[in-house]
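The values are calculated or read from the model by the stated rules, or taken from the named source; none is laboratory data. Predicted model only: the values in this text are computed from it and were never measured. Cβ atoms come from the backbone with ideal geometry, glycine included; neighbour counts cover every protein chain shown.
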Amino acid sequence: MAEPRRVERPLSPHLQIYRPMLSMMMSIAHRITGAALFFGSVLFVGWLFSAAHSESLFDCAQAFFGHWFGRLVLFGFTWALMHHAFGGLRHFLWDTGRGFGLATVEKLVWANLIGSIIFTILLWVLAYGVMP
Amino acid sequence: MSMKTPLKEARGLGAAKSGTEHFWQQRLTALLNIPLLLFWAWFVVTHLGASRIDVKMSLHNPVIAVLLLLTMANVFWHMRLGMQVIIEDYVHGHGNKFAALVLNTIFVTVLFAVAAHSILTLSFAN
């Protein structure tokens, strides 16, 4: 099938004409955190591979995750995971046809944002408590 | 004269080519992600700064090895479905879209294969 010739036509106004709202930001964040986790999964698989492969590679991986920069990356990964997970729970509620009222949506997105931050910090407090 | 109902005639002729499988698989993998990622978070937290021997010893436990394999399979399938939606939304042009979708599948398949190989190697290692 021949590709239709592209003609430059004016586009209808898109995202840029709307005043940014939290619900919209959290929706975008859900997608961005999903994409970040997609690439971030390389970190865990790399760590597993290093453990299976050799002592020196594993030491390298442990050193990276022990370094402040590695920790920062992991902290970001944790928050992305929490935000995406809570965002997913919100979508489960919406799937049942509930929670679409404007006030409810606003509460849900705040709960998503605050919940993700609290659980990220809790998990890290737990992690530092467990670590030798 | 056709014995088919009008619905039967129309089925499969829409632009989407398929039904609700994508949605269902996305939600099912999301649901399974909840218990699997709780297990995964426990596994990661308890292995921070662990030695290689510790990791091997943990994976010698078949429950941990199998749960970790299931986590990887479920997470990677969920990742593939999610990235597919992102690609379909933002990558335009048949060629580019096709290439990106294939790369998406290759990415998750390779990662899963490496993860599975590593888990099994650790699990069966002395």
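Please go through segment A:16-58 and pick out each residue that is aliphatic (A, V, I, L, M), closer than 21 Å to A:LEU108 by Cβ and away from every other protein chain (no Cβ under 11 Å). Selection gives A:MET21, A:LEU22, A:MET24, A:MET25, A:MET26, A:ILE28, A:ALA29. Of the set (1) surrounded by 16 or more Cβ atoms within 10 Å (Cβ to Cβ); (2) within 11 Å of chain A (Cβ to nearest Cβ); (3) assigned to a helix (DSSP H, G or I); (4) among the small types (Gly, Ala, Ser), all apply to B:GLY95 but (1). Within segment B:20-79, the residues that satisfy the criterion of being closer than 24 Å to A:SER54 by Cβ and either outside any helix (DSSP H, G or I) or touching a strand residue (DSSP E or B) at 6+ places or on another chain (Cβ under 7 Å) (or both) are B:HIS47, B:LEU48, B:GLY49, B:ALA50, B:SER51, B:ASN61. Just so you know, in segment B:45-77 the residues that are within 9 Å of chain A (Cβ to nearest Cβ) and under 19 Å from the mean Cα position of the chain (by Cα) include one that is nearest to B:SER123 (Cα to Cα), and it is B:LEU68. Is it the case that some residue within segment A:97-116 is surrounded by 14 or more Cβ atoms within 10 Å (Cβ to Cβ) and under 20 Å from A:ARG71 (Cβ atoms)? Yes, some residue in segment A:97-116 is surrounded by 14 or more Cβ atoms within 10 Å (Cβ to Cβ) and under 20 Å from A:ARG71 (Cβ atoms). Looking at segment A:24-67, which of the residues that are more than 19 Å from A:TRP79 (Cβ to Cβ) and polar (S, T, N, Q) is surrounded by the fewest Cβ atoms within 10 Å (Cβ to Cβ)? The qualifying residue surrounded by the fewest Cβ atoms within 10 Å (Cβ to Cβ) is A:SER56. Only one entry of B:GLY49, B:GLY19 meets the criterion of being under 29 Å from A:THR120 (Cβ atoms) and either of a type in the set (Gly, Ala, Ser) or modelled with pLDDT of 95 or more (or both), and that entry is B:GLY49. Scanning segment A:80-132 for residues that are assigned to a loop (DSSP other than H, G, I, E, B) and under 30 Å from B:GLN25 (Cβ atoms) returns A:THR96, A:GLY97, A:ARG98, A:GLY99, A:PHE100, A:GLY101.
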